[in-house]
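Written below as structure tokens is the structure these notes are about.
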Amino acid sequence: MAGGIAFDECAGRVFQTPAIARPSLQVLHSLPAGLRRQVHLADGPDSFRPSNALGLLSGLPKLLWQRVHEVTGLGGLHFALTAAKRARAQDNAHPSIIIGTARDVHALRPEGLGAYVPPASVTMIEAGRRADILWTAEQALAAKAQAVVLIRIDQGPTLSESRTLQIAAERGGSLGLILIARQARSSACQTRWDCQPVPDGWDWTVVKNKTGPVGQWRIRAGPDGSLLDPIPLSRLTPQPTPPPHDPTPPSASVVSLPPTGPSPTGARPAP
Amino acid sequence: MTREVKGAQRLVVANALASEAGLVPGQSLADARAIYPDLLTEPQNAVRDGLLLSALRRWADQFSPKVEVTPPDALILDVSGMAHLYRGEAAMMDAICDSLTDLHMTVRCALADTPMAARAWARFRPANHPYSAILPAGQAIAACDALPVEALETDATEALHLLGLRTIGALRGKPSAELARRFGLHLTDAIDRLIGRRPEPMRAETPTRPFATRMTLPDPIGLIDDVLSILERIATPLMARLEKDGLGALGFTLAVTCPDKGSQSLHVGFSRPMRETRALIRQMRPKIDTLNLPFGADRFRLEATGVQPIQTRQIHLGSEAVIEDAMERLVTIVGNRLGFDRIRRPAPSPSHRAELECNSEEIADNDTAHVWPAPRPYRPLQIFEPEYLHVLDEGRPPARFEWRRQAYRTRRVQGPERVAPQWWADHPGRLSDYYTVTTEEGPTLWLRRLPMAADQEWSVAGLYA
């Protein structure tokens with residue numbers, strides 16, 4: 001299909017080859033996870049992206065497209081917008097969709113958003129109730145818009161809600177980021193990050209990762225607002241006090257700084 | 001027809017029989033009843049008259065492509081170059097009058113060189129004038145000399161009568177500079193338009209075509225599938241009409257009328273003009289599911305709103321077109337459930353006030369491109385309604401404070417930025433100082449101080465990333 005095809009805008013869709021009838025969401029739900037993956041793989045590779053992983057900073061675990069990730073903590077919005085910024089650096093076409101209550105969505109300052117992504121590429125959807133937010137998130141993830149979908153929600157999604165979102169993301173090829181204001185619950189998310197602001201930067205902790213390492217990193221902002229290379233924080237944590245019968249002092253080569261900010265709960269040291 | 005004018009019901013229009021009995025418009029209803037006790041009157045309904053006039057305008061399309069509506073009671077047809085189609089002006093006039101008589105209308109018609117002359121001749125033609133309703137070409141000036149000054153439709157009529165100038169002919173004998181000085185330019189302007197010295201352009205509207213279809217059933221139906229099939233049957237010809245004209249609609253309204261409890265309207269919108277039956281049915285289906293039709297419905301009417309031309313585009317199979325298409329479909333799906341006003345995008349704010357900074361606009365059918373002002377990085381990412389904080393240690397800003405059940409210690413301060421009220425606005429706001437406070441605990445807060453406040457001086461107005 002080199003060149004172009006005539007496309008009637010009113011038809012509302014680009015002509016597609018009459019594909020094999022795809023199983024509905026309910027059918028997909030009932031399949032075991034491995035079989036479901038095969039159904040999706042049979043759909044063919046995604047032609048939009050060279051890589052299915054979105055790297056935030058060097059050394060950090062990558063965010064996978066077609067997956068849903070959870071973010072907690074006060075710095076979650078910064079983390080998610082950084083991800084949207086990186087996605088646009090990958091390919092300029094990725095839009096951003098922000099879904100939340102009217103209060104959450106209206107708090108965003110347009111110029112502040114503009115520091116991360118062009119404001120014209122942002123779509124903000126105000127959904128009132130939690131059920132509406134989850135429904136809208138599912139629609140946004142399932143629309144083949146290759147978008148970074150930011151979902152601001154109070155309580156984290158439950159396992160079944162999270163699975164629904166995950167399936168929608170797999171169908172649509174978008175990247176879902178659920179910003180949880182209060183508490184995350186056990187869910188089907190690919191990774192879970194805890195992002196806390198510290199006086200001159202942020203602490204990003206990977207609390208859960210299905211396919212990669214976990215750990216904690218200190219992120220600092222450069223003078224021009226760009227983020228510097230992350231420092232693995234597990235080395236900065238104070239060494240456990242040696243048992244009294246051990247005469248050897250702690251190694252002098254390890255920097256020992258007190259942690260600032262809340263201690264990373266549930267974080268395991270990086271391997 | 002009566003209408004309340006100056007505290008009394010007065011006649012507005014009298015038909016031929018009433019005029020013979022001696023009733024004239026402007027008379028009070030009591031006087032008219034005294035003259036003719038069996039008088040039948042009806043209060044004037046301006047809305048209904050306007051509807052009748054616009055219906056007549058559509059009817060008049062068969063005679064002329066240019067039809068102007070002159071409220072309250074006149075239509076002007078531009079018949080230049082039309083008369084030969086009817087074999088002459090008189091035959092055309094007869095055809096128009098016959099057609100109106102068939103509609104049970106009493107009309108006064110006139111044909112003249114200028115619209116103003118035609119209007120004047122139709123209203124004020126003397127009964128025993130040699131010319132009939134059609135003024136021969138070039139004779140308008142001579143014929144109109146016999147008309148009364150009311151025909152000029154100016155507010156100088158009474159003053160002219162007081163001066164004894166009762167006809168247009170008497171008026172034309174006077175120097176126009178004098179008339180303009182005494183009565184204003186309106187009067188000379190009206191005379192010029194009457195005799196064709198000054199052009200009077202016609203404001204002929206292009207006829208708006210309602211895009212609607214309807215179906216009436218002999219028996220009511222109540223099943224959802226039946227309603228959907230009816231919708232498909234009435235939508236198909238509507239879409240065909242839209243397609244024929246290269247148009248699409250931003251919204252569709254389906255009015256479902258039940259025999260027992262009246263009409264219910266279902267509305268769906270689209271993020272861009274559309275004319276596809278399948279998409280309409282897909283969006284309409286959840287709305288139809290909510291219908292409550294215990295006794296069924298028997299009348300259906302589908303109307304297209306926001307009709308716009310659709311541009312067919314040539315696109316390449318790139319990711320951007322597909323993404324744009326997917327986003328527009330998402331807006332349609334979500335908008336029809338949550339409302340299109342809930343889907344927004346950021347817009348630049350015209351003000352420096354914090355409460356006006358978070359500005360947004362609807363995204364559907366909005367092609368505005370904004371010019372963004374220079375960024376102000378000293379402002380936070382999120383701005384919310386100021387939340388008062390509890391001061392633990394005094395200071396400016398406080399050295400220790402509590403906000404959202406969490407204690408903070410001030411580490412570094414920038415500011416203040418003073419924002420003055422908008423004295424010209426209805427809600428000017430208050431004079432405020434804003435401080436950027438980096439706390440030991442991590443978050444960077446945007447604190448607001450009200451300089452004149454006695455208590456609750458400090459609050460948190462925003463949060464940095």
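Sorted by mean Cβ packing within 10 Å, highest first, what order do the peptides B:112-120, B:290-298 take?
So the order, starting with the most tightly packed, is B:112-120, B:290-298.
How much of the calculated P(r) for the protein assembly as shown lies past 49 Å, in percent of all Cα pairs?
44
Roughly how many percent of the accessible protein surface of segment B:382-463 is carbon and sulfur, given a 1.4 Å probe and a whole-percent answer?
That share works out to 45 percent.
Calculated from DSSP H runs of 4 or more alone, at -39500 (n - 2.57) each and per residue, what is the 222 nm mean residue ellipticity of chain B, nearest 500?
The per-residue figure over chain B is -9000 deg cm²/dmol.
Given the peptides A:145-153, B:455-463, arrange them by the average over their residues of other C-beta atoms within 10 Å, most packed first.
A:145-153, B:455-463
What does the convex hull of the Cα atoms come to per residue for segment B:46-195, in Å³?
129
For B:H352, B:H267, B:H161, give the ranking by accessible area with the largest first, probe 1.4 Å.
Largest to smallest exposure gives the sequence B:H352, B:H267, B:H161.
Provide the FRET efficiency to the nearest 0.05 for the B:R233-B:L291 pair, computing r from the beta carbons and using R0 = 22 Å.
Between B:R233 and B:L291 the formula returns 0.80.
Report the GluC sites (Glu not before Pro) located in segment B:395-450 that are in a DSSP loop and have at most 16 other Cβ atoms inside 10 Å of their Cβ, or state none.
B:E440
Taking every residue in B:371-384, how many Cβ atoms of other protein chains lie within 10 Å of its Cβ, on average?
4
List the trypsin sites (Lys or Arg not before Pro) in segment B:184-219 that DSSP assigns to loop (not H, G, I, E or B) and whose Cβ has at most 13 other Cβ atoms within 10 Å. Which are they?
B:R197, B:R203
Can you give me the long-range amide H partners of B:M274? Hydrogens built in the peptide plane at 1.01 Å from N, cutoff under 5 Å, separation of 5 or more residues or another chain.
The answer is B:A249, B:L250.
Using each residue's phi in segment B:457-462, evaluate 6.51 cos²θ - 1.76 cosθ + 1.60 at θ = phi - 60° and report the 3J(HN,Hα) Karplus result to the nearest Hz, with x for Gly and Pro.
Karplus-based 3J(HN,Hα) across segment B:457-462 equals 6, 10, 8, 9, 10, x Hz.
Any chance you could run the full-extension gain for B:R400 through B:A177? It's 0.36 nm times the residue separation minus the Cα-Cα distance, nm to one decimal.
Working it through step by step, the gained length comes to 71.9 nm.
With a cut-off of at most 15 other beta carbons within 10 Å, and DSSP calling the residue loop, which trypsin sites (Lys or Arg not before Pro) in segment A:106-148 qualify? Please list them.
Sites meeting the loop and neighbour criteria: A:R129.
From other protein chains only, count the Cβ atoms within 10 Å of every residue's Cβ in A:141-154, then give the mean.
That average works out to 3.
Report, in debye and to the nearest 20, how large the dipole of segment B:46-195 comes out about its Cα centre when Lys and Arg carry +1 and Asp and Glu carry -1 on their Cβ.
200
I need the calculated FRET efficiency for the pair B:L51 and B:A16, taking r as the beta carbon distance and R₀ as 35 Å, to the nearest 0.05.
The computed FRET efficiency comes out at 0.90.
What are the residues whose amide H is under 5 Å from the amide H of A:G215, where those residues sit 5 or more places off or on another chain and H is modelled from the backbone?
Amide H to amide H, under 5 Å and 5 or more residues apart or across chains, A:G215 pairs with A:V206, A:R268.
With all protein chains present, calculate the accessible area of B:M327 using a 1.4 Å probe and round the result to the nearest 10 Å².
30
How large is ³J(HN,Hα) for each residue in segment B:167-180, as worked out from phi by the Karplus curve 6.51 cos²θ - 1.76 cosθ + 1.60 (θ = phi - 60°), to whole Hz, x for Gly and Pro?
Values, residue by residue: 10, 5, x, 5, 6, 6, x, 7, x, 5, 5, 5, 4, 5 Hz.
Give the Kirkwood hydrodynamic radius (Å, one decimal) of segment B:115-274, defined as one over the mean of 1/r across all pairs of different Cα atoms.
Hydrodynamic radius (Kirkwood, Cα pairs) of segment B:115-274 is 21.2 Å.
Rolling a 1.4 Å sphere over the protein heavy atoms, what is the accessible area per residue of chain B, to the nearest Å²?
Roughly 56 Å² per residue, with all protein chains present.
Across the residues of B:338-344, average count of Cβ atoms on other protein chains within 10 Å?
The per-residue average across the peptide is 5.
Interface size between chain A and chain B, please: total buried accessible area, 1.4 Å probe, rounded to the nearest 100 Å².
Buried area (both sides, nearest 100 Å²): 5200 Å².
Can you compute 3J(HN,Hα) from phi for each residue in segment A:161-175, using the Karplus curve 6.51 cos²θ - 1.76 cosθ + 1.60 with θ = phi - 60°, rounded to whole Hz and x for Gly and Pro?
Each residue of segment A:161-175 in turn: 4, 5, 5, 4, 5, 4, 5, 4, 5, 5, 5, x, x, 8, 10 Hz.
Would you grab the residues whose amide H sits under 5 Å from the one on A:I178? Only those 5+ places off in sequence or on another chain, please, with H modelled 1.01 Å from N.
Here the answer is A:H69, A:E70, A:V71, A:I151, since their amide H atoms fall under 5 Å of that of A:I178.
Once you wrap a convex hull around the alpha carbon atoms of segment B:382-463, what is its projected area averaged over all directions, in nm²?
5.5
Carbon and sulfur atoms: what percent of the 1.4 Å accessible area of segment B:212-336 do they account for?
So the carbon and sulfur contribution to the accessible surface is 51 percent.
If you rank B:L29, A:L165 by how much accessible surface each has, with a 1.4 Å probe, what is the order from largest down?
I get B:L29, A:L165, largest accessible area first.
With a point put 7 Å past each Cα toward its Cβ, work out how far B:H390 is from B:A30 in nm, to one decimal.
7.6
Mind checking the dipole of segment B:315-410: about its Cα centre, +1 per Lys or Arg Cβ, -1 per Asp or Glu Cβ, Debye to the nearest 20?
It comes to approximately 560 debye.
Sorted from largest down, give the three principal axis spans of the alpha carbons of chain B, whole angstrom values.
The Cα atoms of chain B stretch 102, 65, 56 Å along their principal axes.
Of A:K62/A:K208; B:K261/B:K287; A:K62/A:K85; B:K66/B:K174, which sit over 24 Å apart, Cα to Cα?
B:K66/B:K174
Tell me which of B:V67, B:M105, B:L85 sits at the most positive position along the dipole axis of the protein assembly as shown, charges placed on C-beta atoms (Lys, Arg +1; Asp, Glu -1).
Selected residue: B:V67.
Segment A:94-116: which residues show an accessible-area loss of 30 Å² or more, assembly versus chain alone, 1.4 Å probe?
Buried by the other chains: A:R103, A:H106, A:A107, A:R109, A:P110, A:E111.
What is the angle, in °, between the Cα long axis of helix B:319-338 and the longest principal axis of the Cα atoms in chain B? Nearest 10 is fine, range 0 to 90.
Here the helix axis deviates by roughly 80 degrees.
What is the distance, in nm, between label points placed 7 Å from the Cα along the Cα-to-Cβ direction at B:A453 and at B:R411?
Distance between label points: 2.5 nm.
In nm, to one decimal, how far is the B:A137 label point from the B:H84 one, both placed 7 Å along Cα→Cβ?
Those two pseudo-labels are separated by 1.1 nm.
The values are calculated or read from the model by the stated rules, or taken from the named source; none is laboratory data. From a predicted model like this one, the values you see are computed outputs, not experimental measurements. Please note: Cβ atoms are built from the backbone with ideal geometry, for glycine as well, and neighbour counts cover all protein chains shown. Please note that ligands, DNA and RNA were not included when accessible areas were found on the heavy atoms of the full protein model with its side chains. Shrake-Rupley method; radii C 1.70, N 1.55, O 1.52, S 1.80 Å.
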